[in-house]
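A short write-up of the structure that comes next.
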Amino acid sequence: MKYNHSFSVADILLPKKDFENWAVIACDQYTSEPEYWDKARVAAGDKPSALNIVLPEVYLSADNSEKIDAINKNMQRYLDDNIFAKYFDALIFVERIQSDGKCRRGIVGKIDLECYDYRSGTNAEIRATEQTVLSRIPPRVEIRKNAPLELPHVMLLFDDVKDQIFSYLCASKERFEKIYDFTLMCNAGSITGYLLDESAKDTVLSILSELKRQNDGFLFCVGDGNHSLATAKECYNQNPSEASRYALTEIVNIHDTALEFEPIYRIVFGVEPQSLINDFVKAVGAGSQKFKCYYGDTEIEIGVNPTAKLAVGTLQAFLDEYVKNHPESEIDYIHGEDSLKKLASRDNAIGFIFDGMQKGELFPAVNADGSLPRKTFSMGHADDKRFYIEARKIK
């Protein structure tokens, strides 16, 4: 049966065994904490692992060619060694027990990249939630363009206020085949995956058709992985094929009670902290928009004049200009207050904490104004980000 939206079944690959070693957190996490990835390496051990076929951003360098070549060879070796079980025309219902004990639910399938546009102001069915930084796409294209496999950390959000899809799946899951159930490495909770039967697939895809109709053609916002999805689209544009036209994703209801929006905080390295604060206040003026600033053992609160509706917009606009004029400085984007404070205790570093956007504001904001400032929000704690588990052939 054909449906009038971009989400569909996919041919999905899963490891036949040793899921605990295989699954690893999204590559854009812990970008300033190589010690996390050292722990992940120990947890993966010498067994097949997604860690061997992704490039954590903490290890990105000016020339990644050797790393990328090794990743592609590992992907092909895993295919040749027949480590994967194959699930054809599949949708996988996922229940993720987060580190806080809450259960977040999703469905893994593929989306049609022809229905996605990351440009601000688009009326596409799938829209970016943050400004896409075009300079970040080419390095990611280098990683994906010759890879025989994709592993998704993209999460798309849909607006199902009555929770029709997941209330149905939860009531029906006893009849579904359980295809994995295991504990995630590094204290990140656990996850269970169920293979949907034909009736459940039809019900899910039919409800999505109705949700699209109710929202005038706007079905999905990109919750996580904006630049990864933009990279997949660019690879498809450069080398269109039936395989490259699609991207494996997980879709999640924005109204899931376990899904919490948290700010992504900013830290700046290579600066004199008090001088940067003074420049910030001078540039925008004193006002009512509040920021907590951390450096060394110091914590202070400042108020500035808003130059954007969201505090992150005011700060990001200033920092972009500041870094342009101070090339010795560098911005990083941090999930969680504890991680930020730890990093801000380093010499010549300063961290900013501020109020974030409420998740109920997302669809109306994107529909009305287009994409938000980049890295405006995070869906949950760093440990609760999506893990690489499922794979799909793209060559």
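Report Leu79's accessible area, 1.4 Å probe, all protein chains in place, as a number in Å² to the nearest 10.
40 Å²
List every residue whose amide H lies under 5 Å from the amide H of Asp117, counting only residues 5 or more places away in sequence or on a different chain, with H placed 1.01 Å from N in the peptide plane.
For Asp117, whose amide H was placed from the backbone, the distant partners under 5 Å are Ile126, Ala128.
Can you compute 3J(HN,Hα) from phi for each residue in segment 167-175, using the Karplus curve 6.51 cos²θ - 1.76 cosθ + 1.60 with θ = phi - 60°, rounded to whole Hz and x for Gly and Pro?
Going residue by residue, I get 5, 5, 5, 5, 6, 10, 5, 4, 8 Hz, with x marking Gly and Pro.
Given R₀ = 30 Å, FRET efficiency for Asp69-Ser135 by Cβ-Cβ distance, to 0.05? Walk me through the intermediate numbers first.
On the way: r = 23 Å, r/R0 = 0.76.
FRET efficiency, Asp69 to Ser135: 0.85.
I'd like the FRET efficiency for Lys47 and Tyr3, computed as 1/(1 + (r/R0)^6) with the beta carbon distance as r and R0 of 41 Å, rounded to 0.05.
The calculated FRET efficiency here is 0.60.
Could you work out the relative contact order of the chain? I mean the mean sequence separation of Cα pairs under 8 Å and 6+ apart, divided by the number of residues, in percent.
Averaging sequence separation for qualifying contacts and normalising by length gives 25 percent for the chain.
Counting residues in segment 44-113 as N, plug N into 2.2 N^0.38 Å and put the Cα Rg over that result.
1.45
Once you sort the root eigenvalues of the Cα gyration tensor of segment 1-46 as a ≥ b ≥ c, which label holds: rounded (a/c under 1.5), prolate (a/b larger than b/c) or oblate (the other case)? Intermediate results must be reported in sequence, preceding the final value.
Numbers: a/c = 7.10, a/b = 1.88, b/c = 3.79.
The shape class here is oblate.
Ranked highest first by average number of other Cβ atoms within 10 Å, how do 118-125, 368-375, 385-392, 101-108 line up?
Values: 118-125: 15.5, 368-375: 17.2, 385-392: 22.8, 101-108: 20.0.
Listed from highest to lowest mean packing, they are 385-392, 101-108, 368-375, 118-125.
To the nearest 0.05, how large is the calculated FRET efficiency for Asn367 and Thr257 if R₀ is 25 Å and r is the Cβ-Cβ distance?
0.60
Could you work out the Kirkwood radius for segment 231-292, taking every pair of different alpha carbons, averaging 1/r and inverting it, reported in Å?
Details: mean 1/r = 0.0587 Å⁻¹.
It works out to 17.0 Å.
Given the options Ala62, Ala232, Ala43, which has the most mean-square fluctuation in a GNM of the chain, springs set between C-alpha atoms less than 10 angstrom apart?
Ala62
With every protein chain present, what accessible area does Asp80 have (1.4 Å probe, heavy atoms only), rounded to the nearest 10 Å²?
110 Å²
With a 1.4 Å probe and all protein chains left in place, how much of the accessible area of the chain comes from carbon and sulfur atoms, in whole percent? Mind dumping the intermediate values first?
Details: 7970 of 17040 Å².
Here it works out to 47 percent.
Whole Å is fine, so just give me how far the alpha carbon centre of segment 147-175 lies from that of segment 346-395.
If we compute the Cα centre of each part, the gap is 18 Å.
Which of rounded, prolate, oblate describes segment 1-105, given a ≥ b ≥ c as roots of the alpha-carbon gyration tensor eigenvalues and a/c under 1.5 marking rounded, otherwise prolate only if a/b is larger than b/c? Please list the in-between numbers first.
Values: a/c = 1.64, a/b = 1.33, b/c = 1.23.
Taking the square roots of the gyration eigenvalues as a ≥ b ≥ c, segment 1-105 is prolate.
Compute the convex hull volume of the Cα atoms of segment 260-329, divide it by the residue count, and report the result per residue in Å³ as a whole number. Display every interim value, and only then the final one.
Values: hull volume 7.0 nm³, N = 70.
Cα convex hull per residue, to the nearest whole number: 100 Å³.
For q = 0.16 Å⁻¹, what log10 I(q)/I(0) does segment 152-268 give under the Debye formula with an equal point scatterer on each alpha carbon and no solvent?
-1.05
I'm checking a number: the convex hull volume of the Cα atoms of the chain, normalised per residue, in Å³. What is it?
Working: hull volume 54.9 nm³, N = 395.
It is 139 Å³ per residue.
Just to confirm my numbers, what's the Cα centroid distance between segment 95-109 and segment 1-76 in Å?
Result: 19 Å between the Cα centres.
What is the ratio of the Cα radius of gyration of segment 198-243 to 2.2 N^0.38 Å, where N is its residue count, to two decimals?
Numbers: Rg = 14.3 Å, N = 46, 2.2 N^0.38 = 9.4 Å.
Scaled against compact globular proteins, the figure is 1.52.
Based on the alpha-carbon gyration tensor of segment 264-388 and its eigenvalue square roots a ≥ b ≥ c, which shape applies: rounded if a/c is under 1.5, prolate if not and a/b is larger than b/c, or oblate?
Numbers: a/c = 1.75, a/b = 1.23, b/c = 1.42.
It comes out oblate by the Cα gyration axes.
Rg/Rh for segment 92-184 to two decimals, with Rh computed the Kirkwood way over all alpha-carbon pairs. Write out the running numbers ahead of the final one.
Working: Rg = 16.8 Å, Rh = 16.6 Å.
Over the Cα atoms of segment 92-184, Rg/Rh equals 1.01.
The values are calculated or read from the model by the stated rules, or taken from the named source; none is laboratory data. Since the structure is predicted, the reported quantities are computational estimates derived from the model, not experimental observations. Note that each Cβ is placed from the backbone with ideal geometry, even for glycine, and that neighbours are counted across all protein chains shown. Quick note on the areas: whole protein, heavy atoms, side chains included, nothing else; ligands and nucleic acids left out. Shrake-Rupley method; radii C 1.70, N 1.55, O 1.52, S 1.80 Å.
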